[in-house]
Amino acid sequence: MKKKYLIVVADYYQDIANGLLKSAKDKLPKLSIIKVINVPGVFEIPVTISKNMRKFDGFLALGCVIKGQTPHFDFISQASTDALMKLSIENRKPVGNGIITCLNMKQAILRKKKGREAAEAVISILSQK
């Protein structure tokens, strides 16, 4: 049976988001049903997944948070990670965390293929018996 995947992409950093999305889609099985929803930032990813939890088998959260001069980076990164883990456990469905947290844009550019790893994690969980 075909698996249905929802990819939620925070496109605040468009170039990074595109790289994450491409690397994730390249890894997902070719005959899968894939829907992509764009959101403005990482903070909006968990609620978007939550609203769609019943419709899909697996989920990918993709985005980028770059550290600035304030603690905002820490709050957003931690809140998003906690929310994704809670959604996954409570709903017993895999949510691949492909939200990269970087100290600067150079790091983000180097890591924009990390969407693949999130896809691999979701595929792995869905294949468990």
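Pairs are defined by a Cβ separation below 6 Å, a sequence spacing of at least 6 or placement on different chains, a first member in the range 59-71 that is touching a residue at least 60 places away in the same chain (Cβ under 8 Å), and a second member that is surrounded by fewer than 24 Cβ atoms within 10 Å (Cβ to Cβ) and in a strand (DSSP E or B); the pairs so defined are 59/6. Out of curiosity, is residue 100 among the β-branched types (Val, Ile, Thr), farther than 19 Å from residue 2 by Cβ and in contact with a Lys or Arg (Cβ under 6 Å, 6 or more places away or on another chain)? It is true that residue 100 is among the β-branched types (Val, Ile, Thr), farther than 19 Å from residue 2 by Cβ and in contact with a Lys or Arg (Cβ under 6 Å, 6 or more places away or on another chain). Scanning the range 103-124 for residues that are over 18 Å from residue 26 (Cβ atoms) and under 15 Å from the mean Cα position of the chain (by Cα) yields one hit, 108. Any chance the range 23-32 includes a residue that's basic (Lys, Arg), touching a residue at least 12 places away in the same chain (Cβ under 8 Å) and under 23 Å from residue 129 (Cβ atoms)? Checked against the condition, which is being basic (Lys, Arg), touching a residue at least 12 places away in the same chain (Cβ under 8 Å) and under 23 Å from residue 129 (Cβ atoms), the range 23-32 yields at least one hit.
Count of the range 1-46 residues, restricted to those that are of a type in the set (A, V, I, L, M) and either touching a Ser or Thr at 6+ places or on another chain (Cβ under 7 Å) or farther than 21 Å from residue 105 by Cα (or both), is 13. Consider the range 89-106 and keep the residues that are assigned to a helix (DSSP H, G or I) and free of Cβ contacts under 8 Å to residues at least 24 places away in the same chain. The one that is nearest to residue 54 (Cα to Cα) is 90. The one condition from (1) modelled with pLDDT of 95 or more; (2) surrounded by 15 or more Cβ atoms within 10 Å (Cβ to Cβ) that residue 35 does not meet is (2).
Comparison of 65, 8, 47 shows that the only residue that is modelled with pLDDT of 95 or more, part of a helix (DSSP H, G or I) and within 14 Å of the chain's Cα centre (by Cα) is 47.
The values are calculated or read from the model by the stated rules, or taken from the named source; none is laboratory data. All figures in this text were calculated on a predicted structure; none of them were measured in a lab. With ideal geometry, Cβ positions are generated from the backbone for all residues, glycine too; neighbour counts draw on all protein chains shown.
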